[in-house]
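Enquirer: If you scroll down you'll find the structure; I have some questions about it.
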Amino acid sequence: MRKILIVEDDNDIAMLERDYLEIAGFSTGLAADGDAAAAAALSGEYDLILLDVMLPGRDGYDICRQLRDKIDVPILPRSWKVYKGERELRLPNREFELLKFLAENPNIVFSKEQLFEAIWGYDYLGDSATVTVHIGRIRDKIEDDPSNPRIIETVWGAGYRLNRP
């Protein structure tokens, strides 16, 4: 059985990735920071490493440089960068995917169900309330006043839309 090391500091994302990979028949290991990732990777038991590059402490790029000369295992770095002005925002994968989807479809209203299907898919074990939580987290990061959002607007009774500036 193939074994994949998931390096992710967001526990919710790590558990979700683990569940999907195990359902698909892979064995997994988890590491939440750079030091744990390096130690696990050097154990030699993994066939692939999924590496979040935005880790606390030592970032994923540093870990990747350290491991490149020592192991012969594919490393898939995952990184997305979002800025508000000159300040870099830290968005976990699903928040980034949701924001990206809305940004690619500006001024279009999407129901929670449509967003859930587009980002999580039919097979995800959850419900559309997940969308509400993620929209709230994104607003906390991108809106000047998250309680009065102007970028990602709630269209009552219909869903959400990203307003083009």
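The values are calculated or read from the model by the stated rules, or taken from the named source; none is laboratory data. All values reported here derive from a predicted model rather than from experimental measurement. We place every Cβ from the backbone using ideal geometry, glycine too, and count neighbours over all the protein chains shown.
Enquirer: How about the stretch 29-48: which of its residues are part of a helix (DSSP H, G or I) and either in the same structural domain as residue 88 (by TED's automatic domain parsing) or loosely packed, with under 15 Cβ neighbours inside 10 Å (or both)?
Expert: Answer for the stretch 29-48, where residues must be part of a helix (DSSP H, G or I) and either in the same structural domain as residue 88 (by TED's automatic domain parsing) or loosely packed, with under 15 Cβ neighbours inside 10 Å (or both): 35, 39, 42.
Enquirer: Under 9 Å between Cβ atoms, which residue pairs at least 6 apart in sequence (or on different chains) link something in the stretch 59-84 that is over 26 Å from residue 100 (Cα atoms) with a partner that is among the aromatic types (Phe, Trp, Tyr)?
Expert: Within 9 Å, the pairs are 71/46; 73/46.
Enquirer: What's the total number of residues in the stretch 67-118 that are surrounded by 14 or more Cβ atoms within 10 Å (Cβ to Cβ), in contact with a Leu (Cβ under 6 Å, 6 or more places away or on another chain) and farther than 16 Å from residue 142 by Cβ?
Expert: The total comes to 2.
Enquirer: Only residues that are surrounded by 16 or more Cβ atoms within 10 Å (Cβ to Cβ) and either closer than 29 Å to residue 88 by Cα or free of Cβ contacts under 8 Å to residues at least 12 places away in the same chain (or both): list them for the stretch 17-28, please.
Expert: 17, 18
Enquirer: When both residues are 6+ apart or on different chains and their Cβ atoms are under 8 Å apart, which pairs have a first residue that lies in the stretch 137-159 and is under 15 Å from residue 112 (Cβ atoms), and a second that is among the β-branched types (Val, Ile, Thr) and in a strand (DSSP E or B)?
Expert: Short answer, once both residue conditions are applied: 138/152; 139/152.
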